[in-house]
Amino acid sequence: MSGVLTLVATPIGNLGDLSPRASEALASADLVCCEDTRRTGSLLKHAGVRAAELKRVDEHTEFDAIPVVLNRLAAGERVVLVSDAGTPGVSDPGERLVAAAVAAGHEVTTVPGPVAAIAALVASGLPTGRFVFEGFLARRGRLRDDQVEAIAAERRTVILYESPKRVAATLALLAEHCGADRRAVVARELTKLHEELRRGTLAELAEWAGDGVKGEVVVVIDGAPGPGELDDAQIVDRLSAALSEGVSRREAIDTVVAETGAKKRRVYDLALEL
Ligand code: SAM
């Protein structure tokens, strides 16, 4: 007899985002593992769910919780893991518990739902086809430098989590290494009353953030231009030059695509911003 470990996503702000299937999984679990029993208790109350048992599993206790959870799974129980917000295992506890359950041969499943990184990416207006999630950058030291260098060279869209206190410094550092004109988006307070998607260059966003940022934020950064490719500012210059000769926007886009080999969609998006 083997139990099932289910990772259940919970809202990142708006309680209306708790899915019916998430409520069902919480209601039918023998054990609900959560980062903060009070916080999850409030969510359960909101959902009208009476959980059989809550157990604290946070970044400090995840390791010690593993044998306890494995025993419960071995007894055939249904164990649910939630985090304070969003999807467990994404910059939240879960990874080690899942690896241990898999290694012990237990079934692991998920009730997917909110995750701030994906919500920010899809609303950013930046390319979504290929992306990299970096989580939180190291706060200081060699690792932070290496991470920033890697982001500067990364061709895919990059998603970062950051604290509101550090976001201005991080944006300024990114502007220094990726170029002041690299496009980026700060997604703030997603799904909440004061949700804001602030779009601009890294330099513009660093200046905006310098006045202080409140709430939770995700930073989405456009990928680096490939070797020989023009960056956004250079393409905008070419578009402006073509338009100043009196051609239509469509003709200007076609000319710049033909001259530079840049993707039409990218040139079109930049032309819309002019
Ligand atoms: N597991 C969560 C998820 O699925 O997104 C992430 C947890 S991580 C500890 C918390 C970080 O997620 C915050 O510092 C912020 O970067 C981001 N975040 C969470 N909720 C957010 C929201 N409503 N708006 C913007 N960013 C959010």
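The values are calculated or read from the model by the stated rules, or taken from the named source; none is laboratory data. Computed from a prediction, not measured in an experiment: that's the story for all the values here. Note: ideal-geometry Cβ built from the backbone for every residue, glycine included; neighbour counts use all protein chains shown.
Odds and ends about this structure:
- Residue in the range 92-102 that is crowded, with 16+ Cβ neighbours inside 10 Å, in a strand (DSSP E or B) and either among the hydrophobic types (A, V, I, L, M, F, W, C) or within 13 Å of the ligand (Cβ to nearest atom) (or both) present: no
- Qualifying residues in the range 142-157 (those that are free of Cβ contacts under 8 Å to residues at least 24 places away in the same chain and out of contact with any Leu (no Cβ under 8 Å at 6 or more places or on another chain)) - the one farthest from the ligand (Cβ to nearest atom): ARG142
- Residue tally, condition among the small types (Gly, Ala, Ser), part of a helix (DSSP H, G or I) and free of Cβ contacts under 8 Å to residues at least 40 places away in the same chain, over the range 223-240: 1
- When the range 8-37 is filtered for residues that are of a type in the set (Val, Ile, Thr) and outside any helix (DSSP H, G or I), the ones remaining, listed by number, are VAL8, THR10, ILE12, VAL32.
- If you go through the range 158-176 and pick out every residue that is buried (at least 16 other Cβ atoms within 10 Å of the Cβ) and away from the ligand (no atom under 16 Å from the Cβ), you end up with 3.
- Residue selected from the range 57-69 under the condition over 25 Å from the mean Cα position of the chain (by Cα) and not hydrophobic (A, V, I, L, M, F, W, C), by the criterion nearest to the ligand (Cβ to nearest atom): ASP64
- Residue list for the range 164-176, filter: of a type outside the set (Lys, Arg) and under 16 Å from ARG139 (Cα atoms): PRO164, VAL167, ALA168, ALA169, THR170, LEU171, ALA172, LEU173, LEU174
- Answer residue from the range 195-222, given it is surrounded by 23 or more Cβ atoms within 10 Å (Cβ to Cβ) and part of a strand (DSSP E or B) and is farthest from the ligand (Cβ to nearest atom) among those: ILE221
- Members of the range 38-67 found to be assigned to a helix (DSSP H, G or I), surrounded by 15 or more Cβ atoms within 10 Å (Cβ to Cβ) and free of Cβ contacts under 8 Å to residues at least 40 places away in the same chain, listed by number: LEU43, LEU44, ALA47, GLU62, ALA65, ILE66
- In the range 241-255, the residue that is nearest to TYR268 (Cα to Cα) out of those that are β-branched (Val, Ile, Thr) and part of a helix (DSSP H, G or I) is ILE253.
- Flag for PHE136 being out of contact with any Ser or Thr (no Cβ under 6 Å at 6 or more places or on another chain), within 16 Å of the ligand (Cβ to nearest atom) and either among the hydrophobic types (A, V, I, L, M, F, W, C) or at pLDDT below 95 (or both): yes
- Failed item in (1) surrounded by fewer than 13 Cβ atoms within 10 Å (Cβ to Cβ); (2) outside the structural domain of PHE63 (by TED's automatic domain parsing); (3) out of contact with any Phe, Trp or Tyr (no Cβ under 9 Å at 6 or more places or on another chain), with GLY105 passing the rest: (2)
- Residues in the range 70-91 that are within 28 Å of the chain's Cα centre (by Cα) and away from the ligand (no atom under 16 Å from the Cβ): 1 in all.
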